[in-house]
Amino acid sequence: MWPSEQKGLTFPSPPACSSGRRPDTLGPMQSNDSSASQATATSSSETEHETTTLVILGASGDLTSRLLLPGLGTLLKAEPERRIRLVGAGREELSHDDWQQLVRRTLSVGGCTDERIEQIVEAARYTQGDILGEEGSSWLRDQIEGRTVIYFALPPAITLKACEALADRPLPANVTLALEKPFGADLESARHLNRVLASMAREEQIFRVDHFLGRGTVLNLLGLRFANRIFEPVWNTDNIESIEVVFDEDLALEGRAAYYDNAGAMVDMLQSHLLLVLAMVAMEQPAKLDAVDFRDLQAHLLRSTHLWSADATESSRRARYTAGEIDGRAVPSYVDEEGVDPERGTETLAEVKVRIDNSRWANVPITLRSGKAIGEPKYRVVVHFKRVAHLPELFGDDVVPHNALTLDIKPGRIEMLVTTNGAGHRFQLEHTVLEADLPDSPVRPYGEILAGILDENPLLGVRSDVAEECWRIVTPVVEAWRAGEVPMDEYPAGSTGPEHWEQLL
């Protein structure tokens, strides 16, 4: 139901002014109090920002409270001049006070000032209902007031249905749609979703969110590659032996069975996050960092990416954790976790080997891997360089000369493995690690993503063709796994993975 008044919460459409445009009220830098309005109007030191209405569908869900609003809090702390009108909608019944408390608590997690929080909270509104119904669609269109962002903080299947419900006519040009990965459940559904979105809005109005692209350490790949003479000329098959993109975490299922048991490590991580990180590792240098050049080169790189072997069984491995212990905490087998269907055969560790068919990366094997309940978490990109062409005989052979560049995504850290003369015999080689910690960005990844959405800058959004290419790359693996052609290995929670798997660096 979408009543205009429910349990004490009045939610009428804003009245039109004489010009026909709704008055610019409810913005956090404005108030119904005339003195506050005058104070804002007379402040010439602040950067003028148009009020943006941020409509969050699924506002009562975990994504909103755990990631989206805390990210917004960090953005508002860094850029307090932004003007936001926050509107939430969800199936869960929340009173006006409950919603305001949720907004207040989650923005404070992001470090937003009390004064700024209260400006947002005062204007925040929430309504309960099913967005898939006709009344929900009508209500949503009524919220479009000036610059508007509709953020689908919903499961992918519900997002698709909600978009289909809105697709009866195009949305105004001042509306941006933001939706979470995965974009579809397979290549066919991703294409269908893109067609539905294209019937609603232009590509420039659509922001497909992958929060990995908002991580400062991931974005550091660009500066590291293109701004350093020692790396830029050697970033190719002549000098690089192999590449690994790894996201092994020590978290187990953590109550996410409803989503994860339908996705698994492949869809949750490799198909989206890790392929986009790979694109940043391997793409050509853009002329400038704008949405056109950057995403064109992402798409170009991914179109050249294929499984290492035409046989998916030779290019992929999968496994699932059994009972174990992580940091003294007992972890049950995945199949015994609440909400898991053992018959579904969901993997918690996925590994895929790919190649890039172009002159820069010919014959360089690239491994993408992600797992849950791993005892030694790793969130990193590792670039292994080839050995020098010749080594003088005088050097001993106890240590194989090797260089490797490691960029740790979480926490931010860079390490360079070099070979040097040892401390003992003057011509005995040993490995030395040059390392430095990278400072955290004050704005969380979701804050960076929201900045792009609010500014109508799709640079960090996933374009439709990029989303489809990610699905194309992994589809043979998904089909082979579904057919049972690749065995499901097992590993104890808290271990590094199956014992017989060759471990990555």
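The values are calculated or read from the model by the stated rules, or taken from the named source; none is laboratory data. The model shown is predicted, which means the values in this text are computed figures rather than measured ones. Don't worry about glycine lacking a Cβ; one is built from the backbone with ideal geometry, like all the others, and counts go over all protein chains shown.
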- line: If you go through 424, 484, the only one that is at pLDDT 95 or above, more than 29 Å from the chain's Cα centre (by Cα) and assigned to a loop (DSSP other than H, G, I, E, B) is 484
- prompt: Looking at region 494-502, is at least one residue surrounded by fewer than 19 Cβ atoms within 10 Å (Cβ to Cβ), of a type in the set (Phe, Trp, Tyr), within 27 Å of residue 375 (Cα to Cα) and out of contact with any helix residue (DSSP H, G or I) (no Cβ under 9 Å at 6 or more places or on another chain)?
  reply: yes
message: Quick check on region 258-273: of everything there that is crowded, with 23+ Cβ neighbours inside 10 Å and in contact with a Leu (Cβ under 7 Å, 6 or more places away or on another chain), which residue is farthest from residue 222 (Cα to Cα)?
response: 265
task: With respect to residue 441, determine if the residue is part of a loop (DSSP other than H, G, I, E, B), among the polar types (S, T, N, Q) and touching a Leu at 6+ places or on another chain (Cβ under 9 Å).
output: yes
- request: List every residue pair whose Cβ atoms sit under 8 Å apart, with the two residues 6 or more apart in sequence or on different chains, where the first one lies in region 401-429 and is without any contact (Cβ under 8 Å) to a residue 60 or more places away in the chain and the second, anywhere, is buried (at least 17 other Cβ atoms within 10 Å of the Cβ) and among the acidic types (Asp, Glu).
  value: 415/408
field: Top-ranked residue in region 328-346 [being in contact (Cβ under 8 Å) with a residue 40 or more places away in the chain and not in a loop (DSSP other than H, G, I, E, B); ranked as surrounded by the most Cβ atoms within 10 Å (Cβ to Cβ)]
entry: 334
- request: Only one of these is more than 26 Å from residue 67 (Cα to Cα) and either of a type outside the set (Lys, Arg) or out of contact with any Leu (no Cβ under 6 Å at 6 or more places or on another chain) (or both): 502, 448. Name it.
  value: 502
- prompt: List pairs: first in region 280-306 and on the phi < 0 side of the Ramachandran plot and surrounded by 15 or more Cβ atoms within 10 Å (Cβ to Cβ), second part of a helix (DSSP H, G or I) and among the small types (Gly, Ala, Ser), Cβ under 7 Å, 6+ apart or cross-chain?
  reply: 298/279; 301/279; 301/282; 302/279
statement: Expected single match for within 28 Å of residue 195 (Cα to Cα) and either of a type in the set (A, V, I, L, M, F, W, C) or assigned to a helix (DSSP H, G or I) (or both) among 75, 63 is 63
task: Could you tell me which of the residues 350, 323 is surrounded by fewer than 22 Cβ atoms within 10 Å (Cβ to Cβ) and either at negative phi or out of contact with any Gly (no Cβ under 9 Å at 6 or more places or on another chain) (or both)?
output: 323
query: Quick one: which of 461, 494 is over 22 Å from residue 56 (Cα atoms), touching a residue at least 40 places away in the same chain (Cβ under 8 Å) and touching a strand residue (DSSP E or B) at 6+ places or on another chain (Cβ under 7 Å)?
result: 494
Members of region 206-230 that are hydrophobic (A, V, I, L, M, F, W, C) and either buried (at least 20 other Cβ atoms within 10 Å of the Cβ) or within 19 Å of residue 288 (Cα to Cα) (or both): 206, 207, 209, 212, 213, 218, 219, 221, 222, 224, 226, 227
- prompt: Somewhere in region 162-183, is a residue assigned by TED's automatic domain parsing to the domain that holds residue 202, over 26 Å from the mean Cα position of the chain (by Cα) and buried (at least 21 other Cβ atoms within 10 Å of the Cβ)?
  reply: no
- prompt: Looking at 418, 381, 400, 388, which is the one that is surrounded by fewer than 19 Cβ atoms within 10 Å (Cβ to Cβ), β-branched (Val, Ile, Thr) and not in a loop (DSSP other than H, G, I, E, B)?
  reply: 418
query: Which of the following residues is free of Cβ contacts under 8 Å to residues at least 60 places away in the same chain and in contact with a strand residue (DSSP E or B) (Cβ under 9 Å, 6 or more places away or on another chain): 114, 98?
result: 98
- request: Could you please find all residues in region 428-442 being at pLDDT 90 or above and within 18 Å of residue 391 (Cα to Cα)?
  value: 432
message: Out of the helices (runs of 4 or more DSSP H) lying entirely within region 129-212, which hold 2 or more residues that are of a type in the set (Asp, Glu)?
response: 134-142
Checking residue 502 against (1) outside the structural domain of residue 372 (by TED's automatic domain parsing); (2) under 25 Å from the mean Cα position of the chain (by Cα), the condition it does not meet: (2)
- request: Confirm whether residue 94 is of a type outside the set (Val, Ile, Thr), under 23 Å from residue 268 (Cα atoms) and in contact with a Leu (Cβ under 8 Å, 6 or more places away or on another chain).
  value: no
query: Out of all the residues in region 419-440, is one or more closer than 30 Å to residue 64 by Cβ and aromatic (Phe, Trp, Tyr)?
result: no
